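Working notes, beginning with the structure itself.
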Amino acid sequence: MPTALYRLTLAGILALTLYTGAAQTPAITEPPAQRDQRMAWWREARFGMFIHWGLYAIPAGEWNGATNYGEWIRHSAQIPLETYDRFVHQFNPTAFNAEAWVQMAKDAGMKYIVITSKHHDGFCLWDSKETDFDVASTPFRRDILKELADACRKIGGVKLCFYHSIMDWHHPDYTLRRGWETDRPLAGADRARFIIYLKKQLKELVTNYGDIGVLWFDGEWEEFWTHADGKDLYNYVRSLKPDIIVNNRVDKGRGGMAGMTSSSEYAGDFGTPEQEIPETGLPGVDWESCMTMNDNWGYNKNDLHFKTSEDLLRKLADIASKGGNFLLNIGPKADGTFPQQSIDRLRDIGAWMRLNGESIYGTSASPFHHTAWGRVTQKNLGKTSRLYFHVFDWPKSGLLEVHNLGNTVTKAYLLAGGQAVPFRKKGFSLSLQLPSAAPDPINTVIVVEIKGAPEVFHTPQIEAYHTEFISTMEVALSLPGGQGKAVLRYTTDGTAPGPKSSVYRGPLI
Ligand code: H79
């Protein structure tokens, strides 16, 4: 019987920490099986395209000599309403081609597109009955969201979703003003009327544009918006389309840029880390990291600080290995085209995804807590499972060693091309004999097929029932995720445990 060996020292006992986890549940009561069904396509998708497009693409990040603006330009450069409104008459993206956009997303391996129906500036990318501050008032006139909806339907495999800002710097009834705003009087502004406006627009978006996948709210943090508003809006959009998925920014439960909801009291189906990736996976929680390719969401012609394709691909694997989705942003130009740097990166990502997509789509978080050489995703196939080893740092020895894996390994091979990888399983340790050079220096995926569900042994958790150490203390040991076949042996004198050390059988003094 193989044995997992761990050192249990007095220091270890005293340094213990206890924690509890909280699961996220929607404000609307919904049987878990129904929720799983509703979330199924989104969990399978793992990778989507964010698009930030609006009037701010025209100044392209530049105003009065400063060049570091993005979609927040109206706020950051304190542009008067009347001045900003002039962009409406200039918005004419004649090179816009909805099918080309959807095709680029699809070719990159993305399964959904989240586009700004309305950003904080209040400008609407569709022909809305509720406002003239929309694309129908521009020289372009065409309904951009309608064309994208048609393109998604025609091309297939990419779901259309909308980002819709709650915060609105343009609508007279959004009863909050920036300190410098002088041209939007508060007199007569009516908060309740703004919420009606919001709902009527959302009804247009959810009912007139085909099968919308996600409503992605934002700008909820301002005092204007309340928890009661959040729950009400969540229930409202679910009543319009029961299977729609709604992000957690519909309500007030988001914990800063880390993006996760703190309590099940708040509405929202998934957490939204922004420009960051959680340190570890979050079991039982749905989340999506959204990120820019450079430093801005909206187009900025001077921002050439693009992440490399390698970085983006590794972020995708990192996120998948923690059970999350990756929503990667494009800020199209005012002429309707994507920046060339973005096109290049989408193409690189697509090339990798065509060969390795199986290791991303429909996978779940790594059963391992830490793998220094890369990341792991997994897929359960009933009686067997596949582990996908995403190798970032190719071992110089050619030998990849993975410990504390309980399962029988039946097969190992390179995902791209299928070449067999010789392996040896000794006890709970697996050695993979890799080719001498990495076939893909960015991320070579090795598939390891195992019997059953992954059984991986983690560093034991030490629990004590008392917070103060006097002369004796009772402690219990457990393996996170279950002990399975593992035998726990321990020492209390600081020496390394061996096969002859005491076997843990229950709480000890
Ligand atoms: O649309 C993109 C940005 O324009 C928008 N979200 C992405 C997807 C965005 N709005 N604001 N920010 C990003 C940054 C704002 C951060 C803060 Fe806060 C608002 C800091 C304090 C108030 C976040 C929300 C942290 C606490 C509340």
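The values are calculated or read from the model by the stated rules, or taken from the named source; none is laboratory data. What you are looking at is a predicted structure, and each value in this text was computed from that prediction instead of being measured. A quick note on method: Cβ atoms are made from the backbone with ideal geometry, for glycine too, and the neighbour counts reach across all protein chains shown. For accessibility, only protein heavy atoms count, side chains too; no ligands or nucleic acids. Shrake-Rupley method; radii C 1.70, N 1.55, O 1.52, S 1.80 Å.
Computed quantities for the displayed model
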| item | result |
| --- | --- |
| Taking segment 459-509 and dividing mean pair separation by its residue count, relative contact order in percent (alpha carbons under 8 Å, at least six apart) | 35 percent |
| Residue-count net charge about residue 74 - beta-carbon cut-off 11 Å; Lys, Arg +1, Asp, Glu -1 | -3 |
| Cβ-placed point charges (K, R +1; D, E -1), dipole of the chain about Cα centre in debye, nearest 20 | 1960 debye |
| Nearest-ten-degree value, helix 98-107 long axis tilted from longest Cα axis of the chain | 10 degrees |
| Positive minus negative residues near residue 380 (Lys, Arg vs Asp, Glu; Cβ under 15 Å) | 0 |
| Solvent accessible area, Å² - residue 493, 1.4 Å probe, full protein context | 110 Å² |
| Exposure of residue 297 as accessible area (Å², to 10), given a probe of 1.4 Å and all protein chains | 30 Å² |
| Sequence of 285, 448 from largest to smallest accessible area, 1.4 Å probe | 285, 448 |
| Hz values of 3J(HN,Hα) by residue in segment 265-278 - Karplus curve (6.51, -1.76, 1.60), Gly and Pro given as x | 5, 8, 7, x, 8, 8, x, 9, x, 10, 6, 8, 10, x |
| In degrees, nearest ten, helix 227-240 long axis to first principal axis of the chain (Cα) | 80 degrees |
| Computed over segment 16-161: relative contact order in percent, which uses C-alpha pairs under 8 Å that are six or more apart | 24 percent |
| Expected 222 nm ellipticity per residue - DSSP helices of 4 or more, -39500 (n - 2.57), all of the chain, to 500 | -6500 deg cm²/dmol |
| Beta bridges per DSSP with both ends in the chain, % antiparallel, nearest 5 | 55 percent |
| Listed residues 192, 255, 289: farthest to the positive end of the dipole of segment 175-299 (Cβ charges) | 192 |
| Degrees, to the nearest 10: 191-207 long Cα axis against longest axis of the chain | 70 degrees |
| Lysines whose Cα lies under 21 Å from that of residue 383, excluding same-chain neighbours fewer than 8 positions away | 411, 425, 451, 485 |
| Reach of residue 129 by Cα under 18 Å, taken over lysines that are not fewer than 8 positions away in the same chain | 118, 146, 199, 200, 203 |
| Accessible surface of the chain, 1.4 Å probe, proportion on carbon and sulfur as whole % | 52 percent |
| Positive-pole candidate from 94, 405, 230, dipole of the chain, charges at beta carbon | 405 |
| Accessible area expressed per residue, the chain, with surrounding protein chains retained (probe 1.4 Å, Å²) | 43 Å² |
| Environment charge at residue 483 (Cβ cut-off 15 Å; Lys +1, Arg +1, Asp -1, Glu -1) | +1 |
| Relative contact order of the chain, pairs being alpha-carbon contacts under 8 Å that are 6 or more residues apart, as % | 18 percent |
| Packing-based order for 174-180, 98-104, using average beta carbon neighbours within 10 Å, highest first | 98-104, 174-180 |
| Centroid-to-centroid separation of segment 429-469 and segment 152-191 [C-alpha atoms, Å] | 46 Å |
